[in-house]
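Structure, as structure tokens:
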Amino acid sequence: MNHKMKKVATGVIASLLALSLAACGSNSNSPAGTASNGGSSSGSKVTLELAISKSSQDSAFVAQDLLDAFEKETNIKVNLQLLPAEQTATVLQTKLAVDETPDIIQYNLASAVTDLNLERNFEILDSEPWVSRLLNKDVLSANDHVYSFHVSQDTGMQGVVYNKDMFKELNLSIPTTFEEFLAVCEAIKASGVTPVFMPFKDNWAANIWPAAAFADYAAKNDPTLFDELNSNKKKWTDIPEFANLLDQQYQVFKKGYTNPDILSDSYDMAVGKFLDKEVAMMFMGDWLIENVAEKDPSIHLGLFAIPSSKDASLGASPLGGQLFIPKKAKHMAEAKKFLEFIASKEQAQKIVDSQGYVSNFNDVTTPKLPDYKQEIVDNYITPKKTVLTTDAHMLVDRSELYRNLQDQFAGAKTPEEVLSAWNDKFAQLMKDKGVAGF
Amino acid sequence: MSYTRKLALRNYIVEIFLLVASLIIIVPLLMMIFGSFMTSSEVLRFKLALPDKWMFSNYTQVFKEGGLGRAFLNGLLITGVSSIVNIITSSAAAFILVRRESKLSSFLYMFFFMGLIAPMSIITTIRVVQWLGFYGSITSVIFIYAALNVAFSVFLYSGFIKSIPRALDEVAFLEGASMLAVFFRIITPLIVPVNATVAIMVFMSVWNDITIPLYFLTDSSDWTMPLSVYNFYGKYSRDWNLIFADLVMTSLPVLVLYLFAQKYIVSGLTAGAVKG
Amino acid sequence: MKTKSLYPYYLIWPALFVYCVFFVLPALIGLFYSFTDWRLDRETLKFIGWDNFKQIFSDKTLVLALKNTFIFAIVTVIGKNVLGIALAIGLNMRLKSKNLLRAIFYSPSILSVLVISIVFTPMLRTDGTINKFLEAIGLGVFGQSWLTDPSIVIWTVALVSIWQHTGFQMAIYLAGLQSISKEYYEAATIDGAGAWSTFSKITLPLLLPAININLMLTLIGGLKVFSEVFVLTGGGPGNASQVVGTIILRAFGEGSWGMGTAINTLLFAAVTVISIPLLIFMRRKEVAE
């Protein structure tokens, strides 16, 4: 009898296993299957896995007609892995760590250096055929090697996004000092519109002002400042002006020039606030202008520099949204073919035209730029009045700085306390990373 | 007679009180449900109000754009199989653990219990699955979910099986029934309400999970329903009406299962009332 | 009777096998990493002994996170269990709308935590539905900056968690109540026992297995809290609502994987030390009754 029971029990276990295996079998096109026979390249169709954050799913590189055209020409299919925005970094870190990488990843070059261990994980693309046609290699390079791909060289600009129509109506001109800025706020407030929208529930939004203001200060007064911070020759608390610059942004809030509940409002509300003409200005990047224009082209927005000092420079952030190929990609050759395809004169021209990009290829022409972009070129880029923002100089994760800034607006930290808390964290992170001097 | 009337009055008071209290639960849920039928600008007011115009098209749009049909079937397969595996293995294990009063069984009980406390380690789990050779497959995800819920289920079953008198199985054994017969004919009917309770809880936790598929399913067409909400959750704008519609549809299968299981939880009322 | 042959151990094997291979084994290997300098940007691992653990306590945020974790755990354990028992007893009576009410009270716990964040974030704004409601009924003074005032934010998150999960606890208490024989109550009624003495002399002792289960589940869940905080506040404003669970994510986000694992190990040890003695104590009580 005992024997019989054992048999029955084994039967139960076996059927359970069979049940779950059947579950696998019912999905015959599972990636495990494709991966195992993909390497043999015996004429069977290859599927590339392209990982991209959901928040960038409108990227021109993953537009369906582009992917279809690629499949038609090469018989290679591209499958998208759309990752939730707030988990993109951790999911990619994990997959890279266990060598289960997608074949192509879209990410920002600057963040790839701090988040994804660029040198260990990604293929150097120096010898790809399209590299020789690049106008500006720097926006795709780190440590003197091309690690990424893009058809544009148009770096994002960060400053004060403003409603030009409102400025015209109220007869306001672009402020060039902090005092003028406060006066502009006062005039807008008097007209019944909220002068500045601060969506500081998203703590990174509190960093736009300081990131540009610090860089402007460094460029004018202390050009080697960021190198000294990164080698521990100077501390964040050593620069008294930083506290003043942090206090400026706080003053804008304290004087009542913002939305009342800044810590509850989030960035995704920004487009709506501009569309409804509830707000006149916001400290943000020029991508916001594009997003508003997409929804309502009749609203005219522009960008001016963060008015933290007299005639401040406009903040420039590094180019984002590049494509990368992991070293452990299962279909390396096909992934490179995909980049080649987008880089072809015909495809690149199509993308540059539709997106209004500044072309990065010598044989692809830049289309007529939208008004706001042309103004930025005329007022800031041509006279060389731009400066790379603080974030572009950082080697470690900045989210603790953003949290400290949020703390400042919750009333829990003074500007000095923000800097000292960040200084401690920064030193710890640099030490853990093994940077010399810490 | 006056006692019964007093009892009836007491029941009325309790009922009215609970009905009022249930508003605390209903109101936020209604905001979501009404919101799912609004236009994208109307929903931004975040008020508890009926939609000006009922936009049933939100649901068809979400169903198509979010790929909900596929995601629903994926979720049903993953959640269904892993819950069944989990419930059968855990209830059997708990039955033995409770009935055997040895050092080994108390040790094993503690060993299972620690699973409620110990953190899951994603990277090393991936390593193990890679080593077994089925990383990226739905099978791996089913086993992981079954394993993750073992501690919870064994703990819950042990608690309830303990209250079933051992005398019941002993009588059956004396009548010559086999162990499996005792388990399926005596124990299983007695724990029907518990089975229904555990089943709904395990099903729900697997159904709602958004972590495991992200790390263990490399092909996003294998993903489950909760992840579909991100299709409407861009960085620059959020279509709250579509998000609400997506969330309502994602929650619906578990709610239906609960209503179905509730029948068994209630019928257990009589079955469980045998001598305590 | 020989219990040995009647209750064979091999029925445990399937559960034990799945549990060990897919959970215990990876978790044990995971523990090892807490003693290394594992980082996202490092090629090789080095064994560094207790260094991670020494460094953990130099972080001021961790102290705050510990305090928040305990507040959250205590508030939710009390809230979910007291309300859970009360609801279960109420819904175990012969009420007309019993089934409907059970479904309503249980329904929040079947929702994904994403729903909770999306529904509650706008309601908890300073100008949100809750404050407006309080104003309308003349209790405007109780209005709060629920999610943005650093001193109350963790309490708010705990209240939302109670809102969501009390129905779950209620369901377990209901299952427990239904296994109590009606005869006990009939006997008590004949003896003329009052409501309170029926509750404390019959219901509570016979409910002990369910109380034990719920106490352990809410305590462990409370100490391991992560998702409620993550989706409602992300640990903010600033670090005001960080709990140990979110601090672990922060360490991973900064690339300090060894450190993140070490905090996880510490949390595991702390929860074990708190819950195991309680479990043993409760099981003894159960037997004694």
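Structural remarks
- Hey, A:His145 closer than 27 Å to A:Thr366 by Cβ, touching a residue at least 24 places away in the same chain (Cβ under 8 Å) and not hydrophobic (A, V, I, L, M, F, W, C) or not: no
- For the range C:40-68, the set of residues classified as surrounded by 19 or more Cβ atoms within 10 Å (Cβ to Cβ) and within 14 Å of chain B (Cβ to nearest Cβ) consists of C:Leu40 only.
- Residue within the range A:322-338 that is in the same structural domain as A:Ala206 (by TED's automatic domain parsing) and of a type in the set (Asp, Glu) present: no
- The residue that is surrounded by the most Cβ atoms within 10 Å (Cβ to Cβ), counting only those in the range B:126-150 that are of a type in the set (A, V, I, L, M, F, W, C) and out of contact with any helix residue (DSSP H, G or I) (no Cβ under 7 Å at 6 or more places or on another chain), is B:Leu132.
- Residue within the range A:418-432 that is among the aromatic types (Phe, Trp, Tyr), more than 29 Å from A:Ile76 (Cα to Cα) and within 14 Å of another protein chain (Cβ to nearest Cβ) present: yes
- Of all residues in the range C:8-31, those that are surrounded by 22 or more Cβ atoms within 10 Å (Cβ to Cβ) and not in a helix (DSSP H, G or I) total 1.
Conditions tested, residue by residue: (1) at pLDDT 95 or above; (2) in a helix (DSSP H, G or I); (3) on the phi > 0 side of the Ramachandran plot.
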site	(1), (2), (3)
A:Met166	yes, yes, no
A:Ile174	yes, no, no
A:Phe181	yes, yes, no
A:Glu186	yes, yes, no
A:Trp204	no, yes, no
A:Ile208	yes, yes, no
A:Ala213	yes, yes, no
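- Every residue from the range B:246-262 that is at pLDDT 90 or above and of a type in the set (Gly, Ala, Ser): B:Ser251
- Residues of the range A:230-276 that turn out to be away from every other protein chain (no Cβ under 14 Å) and either part of a loop (DSSP other than H, G, I, E, B) or without any contact (Cβ under 8 Å) to a residue 24 or more places away in the chain (or both), as a count: 12
- Scanning the range C:41-69 for residues being among the aromatic types (Phe, Trp, Tyr), without any contact (Cβ under 8 Å) to a residue 24 or more places away in the chain and assigned to a helix (DSSP H, G or I) gives a total of 0.
- Residues in the range A:121-128 include at least one that is under 20 Å from the mean Cα position of the chain (by Cα), in a helix (DSSP H, G or I) and either within 29 Å of B:Pro213 (Cβ to Cβ) or modelled with pLDDT under 90 (or both).
- When A:Lys234, A:Lys255 are checked against the criterion of being more than 26 Å from A:Lys385 (Cβ to Cβ) and not hydroxyl-bearing (Ser, Thr, Tyr), A:Lys255 stands alone in meeting it.
- Within the range C:254-289, the set of residues being under 25 Å from C:Leu31 (Cα atoms) and not in a helix (DSSP H, G or I) comprises C:Glu254, C:Gly255, C:Ser256.
- Residues being more than 24 Å from the chain's Cα centre (by Cα) and facing another protein chain (nearest Cβ under 7 Å) - total across the range B:98-119: 3
- Filtering the range B:67-79 to residues that are of a type outside the set (Phe, Trp, Tyr) and either away from chain A (no Cβ under 11 Å) or assigned to a helix (DSSP H, G or I) (or both) leaves B:Leu68, B:Gly69, B:Arg70, B:Ala71, B:Leu73, B:Asn74, B:Gly75, B:Leu76, B:Leu77, B:Ile78, B:Thr79.
- Of note, B:Thr124 does not satisfy the criterion of being in a helix (DSSP H, G or I) and either more than 10 Å from chain C (Cβ to nearest Cβ) or closer than 22 Å to B:Ile187 by Cα (or both).
- Residue count, the range C:222-244 (criterion: surrounded by 21 or more Cβ atoms within 10 Å (Cβ to Cβ), part of a helix (DSSP H, G or I) and more than 9 Å from every other protein chain (Cβ to nearest Cβ)): 5
- Taking the listed residues B:Glu42, B:Glu15, the one that is surrounded by 15 or more Cβ atoms within 10 Å (Cβ to Cβ), within 11 Å of chain C (Cβ to nearest Cβ), over 30 Å from C:Ile280 (Cα atoms) and charged (D, E, K, R) is B:Glu15, with no other qualifying.
- Residue match in the range C:157-177 (condition: more than 30 Å from B:Thr211 (Cβ to Cβ), of a type in the set (Ser, Thr, Tyr) and over 15 Å from the mean Cα position of the chain (by Cα)): no
The values are calculated or read from the model by the stated rules, or taken from the named source; none is laboratory data. Being a predicted model, the structure only gives us computed values, none of them experimental. A quick note on method: Cβ atoms are made from the backbone with ideal geometry, for glycine too, and the neighbour counts reach across all protein chains shown.
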